[in-house]
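The values are calculated or read from the model by the stated rules, or taken from the named source; none is laboratory data. In this text, all values refer to a predicted model and were calculated from it rather than measured experimentally. Using ideal geometry, Cβ is built from the backbone for each residue, glycine included, and neighbour counts are taken over all protein chains shown. Side chains are part of the model used for accessible areas, which takes the heavy atoms of the whole protein and leaves out ligands, DNA and RNA. Shrake-Rupley method; radii C 1.70, N 1.55, O 1.52, S 1.80 Å.
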Amino acid sequence: KILRDGDTVVHAAAVVPARNSVDVSQNLLMTQSVLDAILGHEIAQLVVISSDAVYGSESGVVTEASTCSPDSMHGIMSLAREMMCSEVKVPVFTIVRPTAIYGAGDPHNSYGPNRFIKQMIDSGEITFFGEGAAIRDHVFIDDVTDVIVRAITMRQSGVINIASGQSISFAALAELICQSGPDGSRIASVGSEPSPTFRNYDISNL
């Protein structure tokens, strides 16, 4: 009821992370609701907040031209949302694919900065798996929102990967956070880390 011709629509609603078929179905239903709402309106821009999970989890350097080969429910769901939204006839269609996001207020406690900081605050001990050798890129929430706002104000179309361009191992990340914590903060290795993968991002386009 609030949608008007000329509006920009940012589709960010999702159950995340999508871990099973029920989560995927709920996400696609949300997306269909957005598409039904747009139908009959001439919107100016559609921005879909997706995920770098569409690229899968293999090692390597990722760019906007990398092949989408999701190997998780979350990646499959994210790519399906993108494909559904691509059917909308709109002057400017933007897909935003952030890597792992960190920042205050995170509700997911995901492995990486968010969980490590919470562990340090709660118990003074940060734990990572095995040797913490896997390498990932983590991006701050304020930077993500800044890129989205710029994409809207500049009417930027196409795919935009949002990453810092500075990947780091989980062990080094834990050490970095521990150094920023109170005296007595410590690090511990738990479990194993089978077949660690190493993911970097070329952010030249960004």
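Amide H of Val159: which non-local residues (sequence gap of 5 or more, or other chain) have their own amide H closer than 5 Å, using H built in the peptide plane?
Ile95
What area, in nm² and to one decimal, does the C-alpha convex hull of the chain cast on average over all directions? Please report the intermediate quantities before stating the final value.
Details: hull surface 49.9 nm².
Orientation-averaged projected area of the Cα hull: 12.5 nm².
With a 1.4 Å probe and every protein chain kept in, tell me what percent of the accessible surface of the stretch 1-135 is carbon plus sulfur. Please list the in-between numbers first.
Working: 4060 of 6990 Å².
For the stretch 1-135, the apolar C and S fraction of the accessible surface comes to 58 percent.
Peptides 118-126, 35-43: what's the order by average Cβ count within 10 Å, highest mean first?
Details: 118-126: 15.1, 35-43: 13.2.
Packing proxy ranking, top to bottom: 118-126, 35-43.
Can you list the DSSP H helices in the chain whose Cα atoms extend at least 24 Å along the helix axis and whose mean Kyte-Doolittle hydropathy is 0.5 or higher? Show your work: numbers first, answer last.
On the way: long enough: 21-38 (26 Å, 0.64).
Membrane-span-like by this rule: 21-38.
Under the Kirkwood approximation applied to all pairs of distinct alpha-carbon atoms, what is the hydrodynamic radius of the stretch 160-206 in Å? Display every interim value, and only then the final one.
Numbers: mean 1/r = 0.0754 Å⁻¹.
Evaluated on the stretch 160-206, it is 13.3 Å.
Share of the stretch 140-206's accessible area from carbon and sulfur, percent, 1.4 Å? Provide the component values of the computation, followed by the final result.
Numbers: 2080 of 4010 Å².
For the stretch 140-206, the apolar C and S fraction of the accessible surface comes to 52 percent.
Taking every DSSP beta bridge that has both residues in the chain, what percent is antiparallel when rounded to the nearest 5? Show your work: numbers first, answer last.
Numbers: 2 of 28 bridges.
Of the beta bridges lying entirely in the chain, close to 5 percent run antiparallel.
Give the accessible surface of the chain per residue, rounded to a whole number of Å², with probe radius 1.4 Å and ligands, DNA and RNA excluded. The partial results should precede the final answer.
Numbers: 11100 Å² over 206 residues.
The answer is 54 Å² per residue.
Over what distance in Å are the Cα centres of the stretch 1-55 and the stretch 129-206 separated?
If we compute the Cα centre of each part, the gap is 25 Å.
Across bins of 10 angstrom width beginning at 0, how are the C-alpha pair distances of the stretch 115-180 distributed, in whole percent?
Whole-percent P(r) values from 0 Å outward: 19, 37, 25, 16, 3.
Based solely on C-alpha atoms, express the radius of gyration and the Dmax of the stretch 1-71 in angstrom.
Rg and Dmax of the stretch 1-71, Cα atoms, are 15.0, 45 Å.
Which residues does the label zone of Glu131 cover in the stretch 140-177, counting backbone N under 17 Å from a point 7 Å along Cα→Cβ?
Only 168-175 pass the distance filter.
Would you mind telling me which residue in Pro107, Pro196, Pro70 has the biggest mean-square fluctuation in a Gaussian network model of the chain, where springs connect alpha carbons within a distance under 10 angstrom?
Pro107
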